[in-house]
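Chemist: Handing you this structure, nothing more for now.
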Ligand code: ASP
């Protein structure tokens with residue numbers, strides 16, 4: 001029998017640990033120690049669990065790159081002493097955090113699993129216990145003394161996903177996330193089934209490198225029929241703006257009127273990177289497939305392929321923060337770095 005895994009559980013906030021404010025009835029984050037005492041099952045797991053918490057747990061709508069830095073730093077500080085990490089996080093922005101951490105943690109060779117719940121842990125019908133317990137079990141999985149997973153994942157409602165492939169799709173159902181462009185890494189039924197062919201393989205000889213410098217001078221623009229070119233222009237004229245995720249239609253298509261192209265052209269001339277990402281939840285950008293995307297290719301938009309908007313934003317913040325040269329930027333963006341695109 002191998003050694004018991006050591007798991008670090010980091011509580012950042014989110015519904016999982018919330019209680020109802022008795023005056024207003026609104027859910028707010030509460031003390032983490034109380035959370036752990038509500039799950040006696042944790043002591044039955046075949047691993048050692050240490051818990052740490054944000055000083056002030058937050059609703060994930062308040063998450064920002066500084067918090068991502070704190071999560072990454074906690075993992076960095078404890079990296080050598082633990083076999084796996086479980087991050088409890090609100091579901092609202094969990095996909096963004098998961099995508100960001102995937103880029104921030106270069107050469108990761110241990111699992112980092114984000115999870116949370118739709119109902120607080122104290123609720124009779126809660127989904128929190130299954131999510132938490134299975135996440136810890138997955139983080140503790142070993143094979144020949146090495147962790148089975150070595151990437152940033154998101155576990156919710158019986159499925160483990162690559163975090164940077166996910167999107168929150170439902171505010172009501174327990175099945176709150178989807179990963180339409182990449183299959184689940186593991187599924188929890190009577191047995192825990194890991195789909196090994198879909199996992200990233202780590203390079204264990206390289207040391208973990210944590211990148212905390214992120215540049216958030218970026219924006220998302222989602223097209224819709226009737227979108228005003230004046231608004232487009234105004235966004236591109238934002239002082240300091242460095243990159244835009246342009247959410248286009250279908251396989252990466254957009255209007256072909258001259259004014260639209262001119263606005264994009266002048267933005268690109270002003271050294272703003274524009275990434276073409278489809279606003280469809282699944283599928284890929286294929287610039288040049290339709291006449292309505294050939295102009296985007298000619299203008300020099302970066303091909304977002306099948307990346308999610310969440311991962312595109314995180315990748316931009318990471319690449320801009322790491323001062324990738326203008327020349328190499330497109331090539332690096334269009335290359336999968338953490339399995340975030342095909
Ligand atoms: N508003 C909550 C949050 O994201 C929702 C959740 O935890 O699921 O923090």
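No value in this document is a laboratory result; all are computed from the given coordinates. Everything quoted here is computed from the prediction, not taken from an experiment. Cβ placement follows ideal geometry from the backbone for every residue including glycine, while neighbour counts extend to all protein chains displayed.
Chemist: So if we plug the beta-carbon distance of residue 265 and residue 64 into 1/(1 + (r/R0)^6) with R0 = 30 Å, what FRET efficiency do we get, rounded to 0.05?
Modeler: Efficiency computed from Cβ-Cβ geometry: 0.40.
Chemist: A follow-up question, please. Relative to the longest principal Cα axis of the chain, at what angle does helix 128-139 sit, 0 to 90 degrees, rounded to 10?
Modeler: Result, in degrees: 90.
Chemist: Hey, fewest Cβ within 10 Å first, where do 185, 132, 320, 27 land in order?
Modeler: Listing 185, 132, 320, 27 from fewest to most nearby Cβ atoms yields 27, 320, 132, 185.
Chemist: Set the Förster distance to 56 Å, then compute FRET efficiency between residue 280 and residue 3 from the Cβ-Cβ distance, nearest 0.05.
Modeler: About 0.75, to the nearest 0.05.
Chemist: If I stretch the segment between residue 212 and residue 106 completely, what's the gain in nm (0.36 nm per residue apart, minus their alpha carbon distance), one decimal?
Modeler: Residue separation times 0.36 nm, minus the Cα-Cα distance, leaves 37.1 nm.
Chemist: Could you tell me which of rounded, prolate or oblate describes region 1-157, using a ≥ b ≥ c as the square roots of the eigenvalues of the alpha-carbon gyration tensor, with rounded for a/c under 1.5 and, failing that, prolate when a/b is larger than b/c and oblate otherwise?
Modeler: oblate
Chemist: Relative contact order of the chain: what whole-number percent is it, with Cα pairs under 8 angstrom and at least 6 residues apart?
Modeler: 15 percent
Chemist: While we're on this one: What's the exposure ranking of 187, 172, going from fewest to most Cβ atoms within 10 Å?
Modeler: Values: 187 14, 172 7.
In order of increasing Cβ crowding within 10 Å: 172, 187.
Chemist: Using only Cα atoms, find the angle between the long axis of helix 65-78 and the longest principal axis of the chain, and express it within 0 to 90 degrees, rounded to the nearest 10.
Modeler: 40 degrees
Chemist: Moving on. With a ≥ b ≥ c the root eigenvalues of the C-alpha gyration tensor of region 228-322, is it rounded (a/c under 1.5), prolate (a/b larger than b/c) or oblate?
Modeler: Because a/c hits 1.5 or more and a/b fails to exceed b/c, region 228-322 counts as oblate.
Chemist: Let me ask something additional. Order by neighbour count: 146, 315, fewest other Cβ atoms within 10 Å first, most last.
Modeler: Lowest to highest Cβ neighbour count: 146, 315.
Chemist: Taking 0.36 nm per residue of sequence separation and subtracting the Cα-Cα distance, how much length would be gained by fully extending the chain between residue 325 and residue 124, in nm to one decimal? All intermediate terms of the calculation are to be shown ahead of the outcome.
Modeler: Numbers: separation 201, 0.36 × 201 = 72.36 nm, distance 5.31 nm.
Difference between extended and current length: 67.0 nm.
Chemist: Among 158-170, 10-22, what's the highest-first ranking by average C-beta atoms within 10 angstrom per residue?
Modeler: Numbers: 158-170: 23.4, 10-22: 21.4.
Ranking the peptides 158-170, 10-22 by packing returns 158-170, 10-22.
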